[in-house]
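Shown next, in structure tokens, is the structure this report addresses.
The values are calculated or read from the model by the stated rules, or taken from the named source; none is laboratory data. Bear in mind that the values here come from a model prediction, so they are computed numbers and not experimental data. Heads up, the Cβs are rebuilt from the backbone with ideal geometry, glycines too, and the neighbour counts pull from every protein chain shown. We work out accessible area using only protein heavy atoms, side chains counted, and drop any ligands, DNA or RNA first. Shrake-Rupley method; radii C 1.70, N 1.55, O 1.52, S 1.80 Å.
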Amino acid sequence: MRQAVITGGTRGIGRAVADRLAAEGWSVLTLARTPADGPHRFVACDVADGDAVRRVFSGLERIDALITCAGIAGANRLDGDDALWHAIIGSNLHGVYHTCKAAVPKLPDGTGRIVNVASVLGLRGVPDQTAYCAAKHGVVGFTRALALALAPRGITVNALCPGWVDTTMARQRYAELGITAEQAAAGVPTGRVATAAEIADAVVWLLRPESRGITGHALPIEGGGLALP
Amino acid sequence: MGSDLSFGLAGRRAVVTGHRGGIGSAIYDVLRRDGVEVIGLDLPDFDLAETATIEARVQRLIGTDPVDILVNNAGITVLGSVLETSLAEAERVMRVNFLAAYALMRAVLPGMMAQRKGAIVNIASDQALIGKQVSAAYGASKAAIAQLSRSAALDWSGHGIRVNCIAPGSTQTAMLATVIGDLAAKYPDRFGVSSSDAYKAATPLGRFADPREIAHAVAFLASDAASFITGVILPVDGGGTAQ
């Protein structure tokens, strides 16, 4: 049975990925800071903490796929304190670094897969989320570099760049922006936001054997928004 | 590789151009195996360079039933810089690689609009994203179809129609073998190596794509698993453009 480790696997996109992979016959291990109700194997782990990540991964024998979904969001003000900046960079960028670094020695040559869930904000900026944009751009750059580093082993590394996805995190962001879900949907060319299951669909596809030629890329899943000016 | 894959496309109807070529025949096979009715358009019976009559000819072929999937795959190459490629040669490349796709979109979009559902997948090239030497007309034609994909994605997003583009890197086909041989023959000082090994070594994954790997990406983008993906240019290039 193939083993998948999913960070942030208890909620939102991570949970949808865990559900889909379990349904496809994968053995799923979810990591998150706090447990949540769910059928999947769970280990508490703050991915921003490199020691904690190493402890968890040292107990794993083999990993066929790592899917990094853990992340936090928030508007960080440049005239405020630095705590939120460091928290967002810690979870969203350092967390990807720590988990990928720990997983790489356990991934099988030829078939190993890493999928980093970045964001459309890894490809473009918004004014009030400098930390989130910096972290997600960092994940895209890290993905491209790691893909080249692991290409000789036949391991693929890709990023997914979702726009609005119907999750608790997005609803918190709507509130922060003072917009309704309908207004968010109206800003997407397709007129709706993505479901978490649609992001999971793309993960499943990247894990299939016939996607082995795709590496080092950042695939937007945002209903055409990036094609806008 | 992946012969038991299903993309859930059974019962759908597709038009695929260039279905007798290397990548095209793989697309044809993968869609057919998934239960798609595929209408192939290719030489000798369908000349995509005759762009003025494409719409009328295609409408006769597809009849009144809508087309669910359009794959603009047909393409021709011509090697050369601007001064080495005549206007007539460049025009022919643009006709087959770009205008034919444009005409086919005009032919199938009304039916897709009527059923409020459709997926268009255009096959460009890594040359839609990066420049290559002595590929003036070909590279420009592939950048054109990539940008058309993004623009059309926005125009038809409100009608349930998705438009995406795949940018394949070097793919193991007869066309690629011809290009590698011609480069070495025409430009021995710049492309002295006619062995494909040197080209493979320049790809991070160290090999060319199998045509079926491109075909599977087409099937994914055409399927409901990609229901929120539109206006993207997806490289399937073994990491070539990530460098």
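Taking region B:197-206 on its own, how many of its residues are open to solvent by less than 40 Å² (accessible area, probe 1.4 Å) and either under 25 Å from B:GLY24 (Cβ atoms) or in contact (Cβ under 8 Å) with a residue 60 or more places away in the chain (or both)? I'd like the intermediate steps shown before the answer.
First, pick out the residues of region B:197-206 that are open to solvent by less than 40 Å² (accessible area, probe 1.4 Å): B:203-205.
Then drop every residue that is not either under 25 Å from B:GLY24 (Cβ atoms) or in contact (Cβ under 8 Å) with a residue 60 or more places away in the chain (or both), which leaves B:203, B:205.
Looking only at that region, the number is 2.
Give A:ALA131, A:ALA149, A:ALA181 a once-over and let me know the one that is of a type in the set (Gly, Ala, Ser) and either under 14 Å from the mean Cα position of the chain (by Cα) or within 14 Å of chain B (Cβ to nearest Cβ) (or both). Outline the logic, then answer.
On the way: A:ALA131 fails: either under 14 Å from the mean Cα position of the chain (by Cα) or within 14 Å of chain B (Cβ to nearest Cβ) (or both); A:ALA181 fails: either under 14 Å from the mean Cα position of the chain (by Cα) or within 14 Å of chain B (Cβ to nearest Cβ) (or both).
It is A:ALA149.
State all residues of region A:205-229 that are in a helix (DSSP H, G or I), facing another protein chain (nearest Cβ under 7 Å) and of a type in the set (A, V, I, L, M); if no residue qualifies, say none.
A:LEU226, A:ALA227
If I filter region B:134-162 down to residues being touching a Phe, Trp or Tyr at 6+ places or on another chain (Cβ under 8 Å) and surrounded by fewer than 22 Cβ atoms within 10 Å (Cβ to Cβ), which single residue comes out as nearest to the other protein chains (Cβ to nearest Cβ)?
Of everything passing the filter in region B:134-162, B:LEU148 is nearest to the other protein chains (Cβ to nearest Cβ).
From the set of residues in region B:65-95 that are touching an Asp or Glu at 6+ places or on another chain (Cβ under 9 Å) and hydrophobic (A, V, I, L, M, F, W, C), which is farthest from B:ARG32 (Cα to Cα)?
Looking at the filtered set, the residue picked out is B:LEU79.
So which residues in region A:45-56 are surrounded by fewer than 23 Cβ atoms within 10 Å (Cβ to Cβ) and not in a loop (DSSP other than H, G, I, E, B), if there are any at all?
Hits for region A:45-56 are A:GLY50, A:ASP51, A:ALA52, A:ARG54, A:ARG55, A:VAL56.
Conditions tested, residue by residue: (1) in contact (Cβ under 8 Å) with a residue 60 or more places away in the chain; (2) within 30 Å of B:ILE27 (Cα to Cα).
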position	(1), (2)
A:THR111	yes, yes
A:GLY178	no, no
A:ALA186	no, no
A:PRO189	no, yes
A:LEU206	yes, yes
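Residue pairs, Cβ under 9 Å, 6 or more apart or interchain, first in region A:31-59 and at pLDDT 95 or above, second surrounded by fewer than 13 Cβ atoms within 10 Å (Cβ to Cβ) and assigned to a helix (DSSP H, G or I). List them.
Final answer for the pair search is A:PHE57/A:PRO105.
For region B:128-147, check the following and say yes or no: at least one residue is small (Gly, Ala, Ser), under 23 Å from B:ILE39 (Cα atoms), modelled with pLDDT of 95 or more and out of contact with any Cys (no Cβ under 8 Å at 6 or more places or on another chain).
No, that holds for no residue.
Can you pull out the residues in region B:112-130 that are out of contact with any helix residue (DSSP H, G or I) (no Cβ under 6 Å at 6 or more places or on another chain), more than 18 Å from B:ARG95 (Cβ to Cβ) and in a strand (DSSP E or B)?
Within region B:112-130, just B:ILE120 meets the criteria.
Looking only at region B:51-70, decide whether some residue is in contact with a Lys or Arg (Cβ under 7 Å, 6 or more places away or on another chain), within 14 Å of chain A (Cβ to nearest Cβ), under 30 Å from A:HIS217 (Cα atoms) and aliphatic (A, V, I, L, M).
no
Filter region A:184-204 down to residues that are of a type outside the set (Ser, Thr, Tyr) and part of a loop (DSSP other than H, G, I, E, B) and give me whichever is farthest from the other protein chains (Cβ to nearest Cβ).
We begin by selecting, within region A:184-204, every residue of a type outside the set (Ser, Thr, Tyr); these are A:184-189, A:191-194, A:196-204.
If we keep only those that are part of a loop (DSSP other than H, G, I, E, B) too, we end up with A:187-189, A:191-193.
On the way: A:GLY187: 12, A:VAL188: 8, A:PRO189: 4, A:GLY191: 6, A:ARG192: 8, A:VAL193: 8 Å.
Per the stated criteria, the residue is A:GLY187.
Could you run through region B:207-230 and say how many residues are open to solvent by 10 Å² or more (accessible area, probe 1.4 Å), in a loop (DSSP other than H, G, I, E, B) and either among the charged types (D, E, K, R) or within 7 Å of another protein chain (Cβ to nearest Cβ) (or both)? Don't jump to the end; show me each part of the working.
At the first step, the residues of region B:207-230 found to be open to solvent by 10 Å² or more (accessible area, probe 1.4 Å) are B:207-212, B:224-225, B:227.
In the following step, the residues that additionally are in a loop (DSSP other than H, G, I, E, B) were identified as B:207-208, B:210, B:227.
Then drop every residue that is not either among the charged types (D, E, K, R) or within 7 Å of another protein chain (Cβ to nearest Cβ) (or both), which leaves B:207, B:210, B:227.
Count: 3.
Is there a residue in region B:110-129 that is free of Cβ contacts under 8 Å to residues at least 40 places away in the same chain and over 26 Å from B:PRO235 (Cα atoms)?
Checked region B:110-129: at least one residue is free of Cβ contacts under 8 Å to residues at least 40 places away in the same chain and over 26 Å from B:PRO235 (Cα atoms).
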